[in-house]
Structures are given as C-alpha cells and as structure tokens.
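Notes follow the structure.
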Amino acid sequence: MMQDDIFQKIIDREISANIVFEDERCLAFRDLHPQAPTHVLIIPKKAIPTHSDLTDDDRDLLGHMHLVAARLAKDFGLNDGYRLVVNCLDRGGQTVPHLHFHLLGGRDMTWPPG
C-alpha cells in the first residue's frame, strides 16, 4: 500500500531533501535509501499519482523529465550507462503516490531487476 505523498512535502519545502536539480516543472533529489552509488529521484511538480494517471496533457512534462534525467546522468558522470525506472502502483513497487523516475548508476545493472 502506498504511503502519503512525501514528495509533495519536499516540493513544498515541508521536508528537507538533498536537491540536485530544480526548475519550474520538476525537482530531483538524492534517494534516502540508495540502491546504487548514484540514485536520484526525479519528480514532477504537478501532482500525478501514478504512471497510469498520465494524460495527453502530460506529454511535454514527461519529455522534459526525460531530458532532465539525461542531463543529470551526464552531470553525475554516468557515461558508461545508467538505468531509469518508473514503478507503477503496488504490484509495480511504487510506494509514494507521486509519479517519479529513479535514475540509477555507478554500478553494473543486472536483469531481471526485481
């Protein structure tokens, strides 16, 4: 079962986070429980609970978030590869009801992932 939207509290500065990027559309911060040497969460400032809640109106926002992910991967020196993950709903491993990307890198990734 998903928890409260702690990501909105980070956006609203009610909870502190190690923010590595922010603009008018999204925010990125280091994961508190990293699963790789580099583990950054990229979240939209627009409240979208899950990936399955996306609409055509979110197309530009999602494209922007992918560009931010690519930029952060370069900034963190992940030149030899990285993984971008979106978990959706409980069975998909989503624990916070706010759409987010996990940018993971700095080690070899295995398959299957979970």
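The values are calculated or read from the model by the stated rules, or taken from the named source; none is laboratory data. Just so it is clear, the structure is predicted and the values come from calculations on it, not from any experiment. Heads up, the Cβs are rebuilt from the backbone with ideal geometry, glycines too, and the neighbour counts pull from every protein chain shown. All accessible areas refer to the heavy atoms of the entire protein, side chains included, with ligands and DNA or RNA removed. Shrake-Rupley method; radii C 1.70, N 1.55, O 1.52, S 1.80 Å.
Laid out as a table, the results:
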quantity: Other-chain or far-sequence residues with amide H under 5 Å of VAL20's (modelled H); calculated: ALA28, PHE29, ARG30
quantity: Alpha-carbon centroids, the range 55-114 and the range 1-50: separation in whole Å; calculated: 12 Å
quantity: VAL85 versus ALA70: modelled label distance in nm, points set 7 Å from Cα along the beta carbon direction; calculated: 2.3 nm
quantity: Backbone HN-Hα couplings from phi across the range 11-28 [Karplus 6.51/-1.76/1.60, Hz, Gly and Pro as x]; calculated: 4, 7, 6, 7, 10, 7, 8, 7, 6, 10, 7, 7, 9, 6, 10, 8, 9, 10
quantity: Fraction of accessible area attributable to carbon and sulfur, the range 1-72 (%, probe 1.4 Å); calculated: 50 percent
quantity: Per residue solvent-accessible surface (Å²) - the range 1-103, probe of 1.4 Å; calculated: 58 Å²
quantity: Contour minus Cα-Cα distance for ARG107 and ARG13 (0.36 nm per residue); calculated: 30.7 nm
quantity: Read-out Rg/Rh (Cα atoms, Kirkwood Rh), derived from the coordinates shown; its label in [x] 1.06; [y] 0.94; [z] 1.54; calculated: [y]
quantity: Accessible surface ranking that places the most exposed of ARG83, ARG30 first, with a 1.4 angstrom probe; calculated: ARG30, ARG83
